[in-house]
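A short write-up of the structure that comes next.
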Amino acid sequence: MSNVNYAYLAGAMARLSGIPVRVYQNGAELTRCFPVHLPRDPMEPYRREIFEIDGHVGYYVTPYFHYYGVLNAGEIKMIVGPTAQIMADGQKLRELAFKADVPPEEIPAFVEGMNAILRMPVETLLQMLCTVNHFLNGGEMLQLSDLAIYEEEQTMMKAGVEQRRTSQYYGEEAQPQQTHNTLAIEEALMDIVRRGDTVSLKRWLAAAPAIKGGTIAGDQLRQIRNLFIVTATLTSRAAIRGGMSEDDAFSLSDAYIRRAELLTSHRRIQNLQYNMLLEYTEQVEKLRRGKYATRLSLDVANYVRHHLSEPVSVEKMAEAFYMSRPYLSGKFRQETGQTLTDFILHEKTEEAKRLLRYSEKPLSAISAYLGFSSHAHFSRVFKKYAGVTPGEYREQFRS
């Protein structure tokens, strides 16, 4: 529609919704309107996937459970987002800032801007786009049921996960049984989550028996969604018993449930369920590193996890726990056999390993993101805890 003023349309939509709006013509940006200040566009890490959406209206969900709505009308592409019903926490937003190449000094402004974006259910976002689509695509009247989610399935699944194993446990290949057998299976699985035993989880799922959980809905899709909700509820509580904070566990459960409600394929819900079990188990595993997991060690691990991208201060940690620094340091060492400083730097090194393996960010950017005072300091710490320099570690996974 050549007579459409896209700058006016984008501005009106952004002001009404409180969500960033961009318009592109043949791939080149035509106009954008951000109702909040964002030093960098949070869409950039997902640009390729979002631009591949070619239906008149579609949507993309990021690994942080942020939504982007997409509208295509001829040579015009409109992208609205991100939004969410619950925005990712501070640490995850700092991680997103790192992925979007936000300069370190502008990360606080980026996090503040993301938190200022209006929260909106994905259904409301898509209904808005369907309305605009009616005018831009010749009166087409799309319904929410006509829209498809877009995701690169492998980005939502952990490396090495085999879909066949997933389907053996959850899917069509599972052989039905005549009696309920959920209690023993549930107890075994939740114990694995509580212990944070990812090796046992993968081994267990590879040879798990089929589940006969009874009928709790009138149609098959609603049945599998309801079973997903039950699993999410049980898993979040098992993770809390394993040491995960209640806020983290319940927020993650809510996000996964909302995601499952958007999916219309049995297999995708099954794959999402596997991913959820693995994510909870990995989170608990990270918290319970070491020989023993005391209440204090779990509290410290949760605190460090939420401040990985900052210079973690023992003084601030002690203040958060209402303890003196000497008491906190002494009690932590007594209970775990290691100093707080060793624990903090070990956790930062583990995060650096992940970034070195799975991102192409330069070493200097990783160093700054993890709160090291200099690249030299980062290299010394990494070599102390990993045995090799950051560059040598990355090279191991490129050969």
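Among the residues of segment 340-359, are any outside any loop (DSSP other than H, G, I, E, B), without any contact (Cβ under 8 Å) to a residue 12 or more places away in the chain, in contact with a helix residue (DSSP H, G or I) (Cβ under 7 Å, 6 or more places away or on another chain) and not hydroxyl-bearing (S, T, Y)?
No, the conditions are met nowhere in segment 340-359.
Of all residues in segment 256-271 being open to solvent by 10 Å² or more (accessible area, probe 1.4 Å) and among the hydrophobic types (A, V, I, L, M, F, W, C), which is farthest from the chain's Cα centre (by Cα)? Full working, then the answer.
First pass over segment 256-271, keeping only residues open to solvent by 10 Å² or more (accessible area, probe 1.4 Å): 257-258, 261-262, 264-268, 270.
Within this subset, residues satisfying the condition of being among the hydrophobic types (A, V, I, L, M, F, W, C) are 257, 262.
Values: I257: 13, L262: 16 Å.
Only one residue tops the list, namely L262.
Return yes or no: is T294 more than 18 Å from the chain's Cα centre (by Cα), polar (S, T, N, Q) and either open to solvent by 60 Å² or more (accessible area, probe 1.4 Å) or modelled with pLDDT under 80 (or both)? Write out each step before concluding.
On the way: more than 18 Å from the chain's Cα centre (by Cα): yes; polar (S, T, N, Q): yes; either open to solvent by 60 Å² or more (accessible area, probe 1.4 Å) or modelled with pLDDT under 80 (or both): no.
So T294 does not fit the description; no.
I'd like to verify a number: residues in segment 1-27 that are under 29 Å from the mean Cα position of the chain (by Cα) and either hydroxyl-bearing (S, T, Y) or open to solvent by 40 Å² or more (accessible area, probe 1.4 Å) (or both), how many? Spell out the reasoning first.
Our first condition is that a residue be under 29 Å from the mean Cα position of the chain (by Cα); within segment 1-27, this holds for 10, 13-24, 27.
Applying the additional criterion that residues be either hydroxyl-bearing (S, T, Y) or open to solvent by 40 Å² or more (accessible area, probe 1.4 Å) (or both) yields 15-17, 24, 27.
Count: 5.
Conditions tested, residue by residue: (1) in contact (Cβ under 8 Å) with a residue 24 or more places away in the chain; (2) among the charged types (D, E, K, R); (3) in contact with a strand residue (DSSP E or B) (Cβ under 6 Å, 6 or more places away or on another chain).
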{"site": "G18", "(1), (2), (3)": "yes, no, no"}
{"site": "D41", "(1), (2), (3)": "yes, yes, no"}
{"site": "P45", "(1), (2), (3)": "yes, no, no"}
{"site": "G55", "(1), (2), (3)": "yes, no, no"}
{"site": "G58", "(1), (2), (3)": "yes, no, yes"}
{"site": "Y67", "(1), (2), (3)": "yes, no, yes"}
{"site": "Q85", "(1), (2), (3)": "yes, no, no"}
{"site": "Q91", "(1), (2), (3)": "yes, no, no"}
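Only helices (runs of 4 or more DSSP H) wholly contained in segment 1-112 count here; list those with 1 or more residues that are polar (S, T, N, Q) and modelled with pLDDT under 95. Spell out how you get there, then give the answer.
Working: elements: 6-17, 47-51, 90-99.
Answer list for segment 1-112: 6-17, 90-99.
Name the residue, out of F397, F343, that is under 27 Å from the mean Cα position of the chain (by Cα) and loosely packed, with under 13 Cβ neighbours inside 10 Å. Explain how you work it out, then say what you get.
Numbers: F343 fails: loosely packed, with under 13 Cβ neighbours inside 10 Å.
Within the list F397, F343, the selection yields F397.
Take the residues in segment 128-142 that are touching a helix residue (DSSP H, G or I) at 6+ places or on another chain (Cβ under 7 Å) and either part of a loop (DSSP other than H, G, I, E, B) or modelled with pLDDT under 90 (or both), then tell me which one is surrounded by the most Cβ atoms within 10 Å (Cβ to Cβ).
Among those residues, the one meeting the criterion is L142.
The values are calculated or read from the model by the stated rules, or taken from the named source; none is laboratory data. Since this is a predicted model, take the numbers as computed values, not measurements. Here Cβ is always computed from backbone atoms with ideal geometry, including for glycine, and neighbour counts include all displayed protein chains. Side chains are part of the model used for accessible areas, which takes the heavy atoms of the whole protein and leaves out ligands, DNA and RNA. Shrake-Rupley method; radii C 1.70, N 1.55, O 1.52, S 1.80 Å.
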